Amino acid sequence: MVGTPGRVLDHVRKRTLKLDGLVTLVLDEADRMLDMGFADDMKDIISKTPNSRQTLLFSATYPESIEKMSRSIQRDPITISVDAVHQPNVIKQWFYETNNHNRNDGLLGIFAQHNIERALVFCHTKIQCDEVAKFLRKKQISALAIHGDLEQRERDQVLVRFANNSCSILVATDLAARGLDIKSLQAVINYELPKDPEVYVHRIGRTGRAGKKGLAVSMYTSWEVSRVDLIESWQDAACNRGSTSSLKHDPLFKLQPEMTTIQLDSGRKNKIRPGDILGALTGDAGLASAQIGKIDIFDMSSYVAIEHHACRQALNYLTNGKVKGRTIRARKLS
């Protein structure tokens, strides 16, 4: 069984879940669960499990709080750590000093200066994510926010659109970005620097993967200089520092993806497969296979990326035609 601490504890208290026969307990993202205030819930859950259980604890960072938790719930654990230091020639890192009033303009300058076409922007709060994404859209930059307030359906749609290249910029909190496997991510941008240098390293590690070069760009204020110093100490290397005032600002800069996403109201439970959608669009709809991008199938819905100029043609067919012999409703995600 997989669940959040709060939901698991609800079932334990309602006696709809019994843990007396548990063999293996896994605590994933343990550091974030502590940050979110789930320590007491986790203690209550663990107290209902057998002492003979095996306990596995996973954490991207290893502060004193995690070490203390390990001592309290594990017996003679074997510790396995993965080197979190990135090779200097793989991820190019830049730090630009700014002030709180100029962060948005600085962000636009970063896009123009570094010719960024696809990036993950980290913010500290959910509200900040929404505000930054809204600001970027006003500037004709395709952006979506992802954070803990989104329902699972909304989260799935955001990730699908970013993964299939119908959204250029993803604005996220650390928690929302946990576990994201985003291929070919050009850049990671820190709208604000985290307090912990280990979190910084974890953030920027999402670029420069699979043998490709990556870019990490961060903004900081004068009172955050100590955070840059900590990152230098952690990485044992000097940082490239500058000012957002030195960045190239292009008032005509805009960023719109080549693809758009169409949602179909039929999915895996209706026995829809990617080949069914591809066949319908390249057959009766008359689209070329090169005009069709990534296809994602969920239980009750499906998503297909289509080149912008072919979107109307695809929607016209899906409105009047059929997929696998059935009429399926479709709409463009905007």
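Data table
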| read-out | value |
| --- | --- |
| Cα centroid separation, region 248-280 to region 106-140 (Å) | 21 Å |
| Estimated Rh, region 195-334: Kirkwood, alpha-carbon pairs, angstrom | 19.0 Å |
| All lysines inside 23 Å of K18 as judged from Cα atoms, apart from same-chain residues fewer than 8 positions distant | K43, K48 |
| Contact order relative to length of region 250-304, as percent, for alpha carbon pairs under 8 angstrom and 6 or more apart | 47 percent |
| Reach of K139 by Cα under 15 Å, taken over aspartates and glutamates that are not fewer than 8 positions away in the same chain | D105, E117, D130, E131, D250 |
| Net charge, A290 excluded, C-beta distance under 12 Å - Lys, Arg +1, Asp, Glu -1 | -2 |
| Only Lys, Arg (+1) and Asp, Glu (-1) charged, at Cβ; region 259-332 dipole about Cα centre in debye | 240 debye |
| Order of M300, M1, M219 under a 10 Å beta carbon neighbour criterion, fewest first | M1, M300, M219 |
| Cut-off of 10 Å, at most 16 other beta carbons, DSSP loop: longest stretch of the chain lacking such GluC sites (Glu not before Pro) | 152-257 |
| Trypsin sites (Lys or Arg not before Pro) within region 256-310: DSSP coil, no more than 16 neighbouring Cβ in 10 Å | K271 |
| Cα principal axis extents for region 1-117, largest first, Å | 58, 32, 25 |
| Fewest-first ranking of W223, W234, using other Cβ atoms within 10 Å as the exposure measure | W223, W234 |
| Sequence-distant residues sharing a close amide H with I91 (under 5 Å, placed H) | G214 |
| Lys/Arg +1, Asp/Glu -1 at C-beta; region 259-332 dipole; positive extreme among Q291, G279, L264 | L264 |
| Dipole magnitude of the chain about its Cα centre (Cβ charges: Lys, Arg +1; Asp, Glu -1), debye to nearest 20 | 1420 debye |
| Principal axis dimensions, largest first and in whole angstrom, of the chain by Cα | 63, 59, 35 |
| Most positive-pole-ward Cα, A143, Y96, H202, against dipole of the chain from beta carbon charges | A143 |
| Stretch gain in nm, segment D44-S184, where the contour uses 0.36 nm per residue and the Cα spacing is subtracted | 46.3 nm |
| Which listed pairs, of K294/K322; K134/K213; K183/K269; K294/K324; K212/K294; K68/K126, have C-alpha distances above 25 Å, in listed order | K134/K213; K183/K269; K68/K126 |
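Read-outs: derived from the displayed coordinates by stated rules, not from any lab. Nothing here was measured: the structure is a model prediction, and the numbers come from that model. Note that each Cβ is placed from the backbone with ideal geometry, even for glycine, and that neighbours are counted across all protein chains shown.
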